[in-house]
Structure formats: structure tokens, C-alpha cells
């Protein structure tokens, strides 16, 4: 800030680049989570490129002032009012960060699902299961579910046993045979 032709500096005032750089680093971390290292670099650079000129212009319009309530100690040991940044500069910095996020939507590739319907999803999952389990034939499932239909035919042997595959006469325990002989009944096998 200039006062009567001389530059008066307020101790502790950070440069605009340092203030904006903090937000750009944060944008870069979000970009790293979303798009890896290229996403981090592009997000941070775009945030700085958009927010820096806005914050610098806002600081020219409304420079920081010395606080009358909060104080900092200078390296010489003197207490001076801490810098208070204008609301315009803060709004410009935040607004630039939001604007860079909107502009950066096109920088990071968006992933769109290729399988959309439920039937296609189930078919895709069944193909994956078939490949993982080394199945020779595709699996049949009930419509709209993943309930496996093929491979359950063996249950019929338990529910309705095939008598031609079983031996015609099972061994009967002696105690049961003695009771049958006493009553004169036969099992009918």
C-alpha cells in the first residue's frame, strides 16, 4: 500500500501467490485422488492460473489492513497489528477455486459404465464367473437373478431316487427281519 509516495508495508502480510498457492495445493490433492499425478498437476495449475489474477486484482482494490485487536510480534520484538485481508480478496480466492473446478471438469477423463441394464450386468458377471471358475459351458440363471439353474440336476437323485440305479435289495438288520418274520409281513422290495 502506498502512502504519500512511499510504500508502507504491513508486517506479516503474505504474498498473493502464497495465499492462492495453499488452495491450489489442496486442489492438487483432490486431483491426485481423482486422476492420479496428471490430475493433480492439472488441477493445481488450473486453480492457480484462475485464482491468482482474481485475488491479485481484489488485493489492489481492497488491500489488507492492520488489525486493532489481533497482534503479532515482529523479528525486532515489537508488537504490531496483524494483517486483516479483505473479504473481497477471500471471495476472489474461493471463487477462483470454484471456477477452476468447473473449468477442470473436462481435464480429467470421466468413466462411463459400459453395461447399463440389469440383464446385461448379470450376463457380464456370469461371463466373468465362468472365466474365473474355468467352466466349460455357460451358466443358466433364473431371469433377473443370479440364482444358478444349471448344475442343480443332481438334486433330483435325492428328491426322487432312481430305483434302476440302486441295488434291488438292501440288507435288512436282523432285529427288523425277526420282527417281520413274527408278523408275517414282507417289505415289498
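So is residue 89 within 30 Å of residue 35 (Cα to Cα) and assigned by TED's automatic domain parsing to the domain that holds residue 23 or not?
yes
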Q) So which residues in region 17-28 are in contact with a helix residue (DSSP H, G or I) (Cβ under 7 Å, 6 or more places away or on another chain) and surrounded by fewer than 17 Cβ atoms within 10 Å (Cβ to Cβ)? A) 17, 25
Q) Among the residues of region 34-90, how many are touching a helix residue (DSSP H, G or I) at 6+ places or on another chain (Cβ under 9 Å), over 20 Å from residue 18 (Cα atoms) and surrounded by 15 or more Cβ atoms within 10 Å (Cβ to Cβ)? A) 2
**Q.** Options 44, 58, 62; residue that is touching a residue at least 12 places away in the same chain (Cβ under 8 Å) and closer than 21 Å to residue 105 by Cβ
**A.** 44
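Scan 141, 159 and give me the residue that is modelled with pLDDT under 65, surrounded by 12 or more Cβ atoms within 10 Å (Cβ to Cβ), more than 30 Å from residue 14 (Cβ to Cβ) and within 50 Å of the chain's Cα centre (by Cα). Working first, answer last.
On the way: 159 fails: surrounded by 12 or more Cβ atoms within 10 Å (Cβ to Cβ).
Only one candidate passes the filter, namely 141.
The values are calculated or read from the model by the stated rules, or taken from the named source; none is laboratory data. The structure presented is a predicted model; accordingly, all values stated were derived computationally and were not measured. Neighbour counts run over all protein chains shown; Cβ positions are idealised from the backbone, glycine included.
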